[in-house]
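To keep things clear, I will list the structure first and then write my remarks on it.
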Amino acid sequence: MLILAIDTATTAIGVAVHRDGADPVTSVVLDARAHTEHLAPLVARALEQAGSTPRDLTDIAVGTGPGPFTGLRVGLVTAVTMGYALGVPVHGVCSLDVLAEQALAATDADEVLVATDARRREVYWARYARAEDGARALTPPAVEPAATIPEDTRALPTAGRGALLYPDAFPAVLPDVLDVDPARLAAVARRRLAAGAPMPVEPLYLRRPDALTTAERAAR
Amino acid sequence: MADAPLVLGIETSCDETGVGLVRGETLLFDAIASSVDEHARFGGVVPEVASRAHLEAMVPTIERACREAGVTLRDVDAVAVTAGPGLAGALMVGVASAKALALALGVPLHGVNHLASHVAVDIVEHGPLPEPTLAMLVSGGHSSLLLVPDVTHDVRSLGSTIDDAAGEAFDKVARVLGLPFPGGPHIDRAARDGAVVIDFPRGLTTGRDMERHRFDFSFSGLKTAVSRWVAAREAAGEAVPVADVAASFQEAVTDVLTRKAILACREHGVGHLQIGGGVAANSRLRAMAQERCDDAGIELRVPRPGLCTDNGAMVAALGAQMVLKGRPASDLGIPADSSMPVTDVSA
Ligand SMILES: [Zn+2]
């Protein structure tokens, strides 16, 4: 199995290439405004460093967000297009799930919070519990201002850049778990694949487009 | 031309997801998925709605283009994509997808200019472009007069709109007249039952304007004039003669467009005029351009309406010219450039 993992749901543009029995090759660039520019060259370089070509890939895993829309779509469309062109399956994984597993590896706590930057003074967040194999989501991913998340939830060890942006709201930051680790994403996808779990490649937008229909405008 | 290069072109600069396949100078298939019905609910194109629709439509459209063209992706020799100008978020979906294809297939990528693609598409319709060609591109996003010595690397701007694009004026006037979005086809239809009885202004056509803005256009004053005329009728409690207003407005737009296009041909000694963009589907524009070109001894080339509106075939057509003329491929790191200048043919 040779899996390519891609995540563009946060400031980080992350790529990993993981072959069975070998250490994953990981490349991450931090640049919230240039996902389109960085991603394809990162994929090309990671494959080369792993001594592979695109044709060797057997699976592609991609973070489905939630995350700022334009960057998120760059990762998703790259994954589904490569998957189609190469004839390999593409697996979607909620990006917050990956951060939760990174968080649980970085702390002894039994529960963690993930809070990423949703812009507009809001965060994408979800609460997780330690489970036998990884992290189990206790809440579905949501988007709202940090201050309206329940206080007991905000007190948990918190991963993601949302915690850095709103330090008053999140007292227990995990400073080493800010962005999705694409190698961890690959590992989550492999485990779910082995367990036969469905992994739909559906973007988690959580917000509708900012526009009113003509009917809605008339009703105002 | 069995060994001519097979190029797959991707276009996502506005609300159409287009994938075209061109071999050399022959169009194999042009697949389009449009989100226009979704935008109609909003009364105009909503960029985020367009971007979401592009992501959903991308792979199915590539798949359909290949199936209908009877080729597989492994046959593709190069991938071309609209790198700009257009809606930033929408462009990014196409550019990222094209890079993924080029990378997966191990073939060169050509990021190209949307406007140059509108010119190049006529090659698959009417054969090689005369050099130079004079091109007038009129749509909801652009209104430009271009002098095109070589569509693969030398495109010069003679003029463009200084405010609204021609298609935008059609949309706005349609709204004033209570006609649905997109306005172009509805005004065209309404105008058939009307007469040109109102003398609406022709922007940038008199004295000093013809010195300073010789080949530029302006349509916002025309739109305002139509709104005022309609408002005055309504205020007087009179019925608005929608067909006559549509016909008179359409006449004013096409008069200015064709007059300036023909003047540009004459002054630059060009014997060919090509019209592209969604407004080129307008029946009055086509008829008037034909009449005036005939009078001036200029050959008029207008692709069929489906190739005038945004599509993937035009991008593939320009990409194929790039390959045939040995132009260098683009880097995998190119951006989607929402304000790409018309003079930059490739990214
Ligand atoms: Zn266009």
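The values are calculated or read from the model by the stated rules, or taken from the named source; none is laboratory data. Since the model is a prediction, treat every value here as computed from it, not as a measurement. Counting neighbours? That spans all protein chains shown, and the Cβs are built from the backbone with ideal geometry, glycine included. To get the accessible areas, we keep the full protein, side chains included, count just its heavy atoms, and leave off ligands, DNA and RNA. Shrake-Rupley method; radii C 1.70, N 1.55, O 1.52, S 1.80 Å.
Ranked from the most accessible area to the least, with a 1.4 Å probe and all protein chains present, what is the order of B:Glu299, B:Glu16?
B:Glu299, B:Glu16
Would you mind telling me which residue in A:Pro157, A:Pro167, A:Pro24 has the biggest mean-square fluctuation in a Gaussian network model of chain A, where springs connect alpha carbons within a distance under 10 angstrom?
The residue that fluctuates most here is A:Pro167.
What 222 nm value per residue comes from the helices of the protein assembly as shown, counting each DSSP H run with n ≥ 4 as -39,500 (n - 2.57) and dividing by all residues, nearest 500 deg cm²/dmol? Walk me through the numbers on the way to the answer.
Values: 20 runs with 231 residues, N = 567.
Estimated from H runs of four or more residues: -12500 deg cm²/dmol.
I'd like the accessible area for B:Met340: 1.4 Å probe, protein heavy atoms, all chains in place, Å² to the nearest 10.
Accessible surface of B:Met340 is approximately 10 Å².
Can you give me the accessible area per residue for the protein assembly as shown, using a 1.4 Å probe, in Å²?
Values: 21770 Å² over 567 residues.
Per-residue value: 38 Å².
Pull up all non-local amide H partners of B:Phe29: gap of 5 or more, or a different chain, and H-to-H distance under 5 Å with H placed in the peptide plane.
Here the answer is B:Leu21, since their amide H atoms fall under 5 Å of that of B:Phe29.
Quick check: convex hull of the Cα atoms in chain B, volume per residue, rounded to a whole Å³?
Taking only Cα atoms, chain B has a hull volume of 126 Å³ per residue.
How much solvent-accessible surface does A:Asp176 expose, in Å² to the nearest 10, with a 1.4 Å probe and all protein chains in place?
Accessible area, nearest 10 Å²: 140 Å².
According to the Cα gyration tensor, what semi-axes, each the square root of 5 times an eigenvalue, does the equivalent ellipsoid of the stretch B:133-305 have, listed from largest to smallest in whole Å?
Result for the stretch B:133-305: semi-axes of 29, 16, 14 Å.
Once a ≥ b ≥ c are taken as the square roots of the eigenvalues of the Cα gyration tensor of the stretch A:1-133, is the result rounded (a/c under 1.5), prolate (a/b larger than b/c) or oblate (a/b not larger than b/c)?
The shape class here is oblate.
Given springs between every Cα pair under 10 Å in a Gaussian network model of chain B, which of B:Ala232, B:Ala316, B:Ala90 has the largest fluctuation?
B:Ala232
Quote the accessible area belonging to B:Ser218 in square angstrom, nearest 10, computed with a 1.4 Å probe and with ligands, DNA and RNA left uncounted.
The accessible area comes out at roughly 20 Å².
Could you order B:Asp255, B:Asp193, A:Asp210, B:Asp30 by accessible surface area, starting with the largest, using a probe radius of 1.4 Å?
Largest accessible area first, the residues go B:Asp193, A:Asp210, B:Asp30, B:Asp255.
Can you tell me which lysines have their Cα less than 28 Å from the Cα of B:Lys172? Leave out same-chain residues fewer than eight positions away.
Output for B:Lys172: B:Lys223, B:Lys260.
Any lysines with Cα under 22 Å of the B:Lys325 Cα? List them, leaving off those in the same chain fewer than 8 positions away.
Within the straight-line limit of under 22 Å, B:Lys325 reaches these lysines: B:Lys99.
If you take all C-alpha pairs in the stretch A:95-165, what percent of them are over 19 Å apart?
Tail of the P(r) past 19 Å holds 22 percent of the pairs.
On a C-alpha basis, how far is the centre of the stretch B:247-279 from the centre of the stretch A:100-130 in Å? Whole number, if you could?
Rounded to whole Å, the Cα centres lie 59 Å apart.
Considering only B:Gly18, B:Gly178, B:Gly271, give the residue with the highest GNM mean-square fluctuation for chain B, with springs between Cα atoms whenever their separation is below 10 Å.
B:Gly178
To the nearest 10 degrees, how steep is helix B:283-296 against the longest Cα principal axis of chain B, on a 0 to 90 scale?
It works out to around 90 degrees.
With a ≥ b ≥ c the root eigenvalues of the C-alpha gyration tensor of the stretch B:222-347, is it rounded (a/c under 1.5), prolate (a/b larger than b/c) or oblate? Let's see the in-between values first.
Working: a/c = 2.77, a/b = 1.74, b/c = 1.59.
In terms of gyration-tensor shape, prolate.
I'd like the distance separating the alpha-carbon centroids of the stretch A:143-163 and the stretch A:6-60, in whole Å.
About 29 Å separates the Cα centre of the stretch A:143-163 from the one of the stretch A:6-60.
Could you please put B:Asp164, B:Asp331 in sequence from largest to smallest accessible area, using a 1.4 Å probe?
On the way: B:Asp164 15, B:Asp331 105 Å².
In descending accessible area the options line up as B:Asp331, B:Asp164.
Between B:Glu68 and B:Lys325, what is the label-point separation in nm under the 7 Å Cα-to-beta-carbon projection?
Output for this residue pair reads 2.8 nm.
In degrees between 0 and 90, to the nearest 10, how far off the longest principal axis of chain B does helix B:183-192 point, with axes built from Cα atoms?
That helix lies at roughly 50 degrees to the long axis.
So, R0 is 60 Å and r is the distance between the beta-carbons of A:Asp108 and B:His126; what FRET efficiency does that work out to, to 0.05?
0.25
Taking the 0 to 90 degree range and rounding to the nearest ten, how far is the long axis of helix B:47-69 tilted relative to the main principal axis of chain B, both from C-alpha atoms?
60 degrees
Using a Förster distance of 41 angstrom, determine the FRET efficiency expected from the C-beta separation of B:Glu211 and B:Ala287, and round it to 0.05. All intermediate terms of the calculation are to be shown ahead of the outcome.
On the way: r = 30 Å, r/R0 = 0.73.
E(calc), rounded to 0.05, equals 0.85.
Just to verify a number: FRET efficiency for B:Thr343 and B:Arg259, C-beta to C-beta distance, R0 = 30 Å, to 0.05?
My answer for the efficiency is 0.75.
Using θ = phi - 60° and the Karplus form 6.51 cos²θ - 1.76 cosθ + 1.60, what ³J(HN,Hα) does each residue of the stretch B:148-159 get, whole Hz, x for Gly and Pro?
10, x, 8, 5, 8, 7, 9, 10, 10, 8, 8, x
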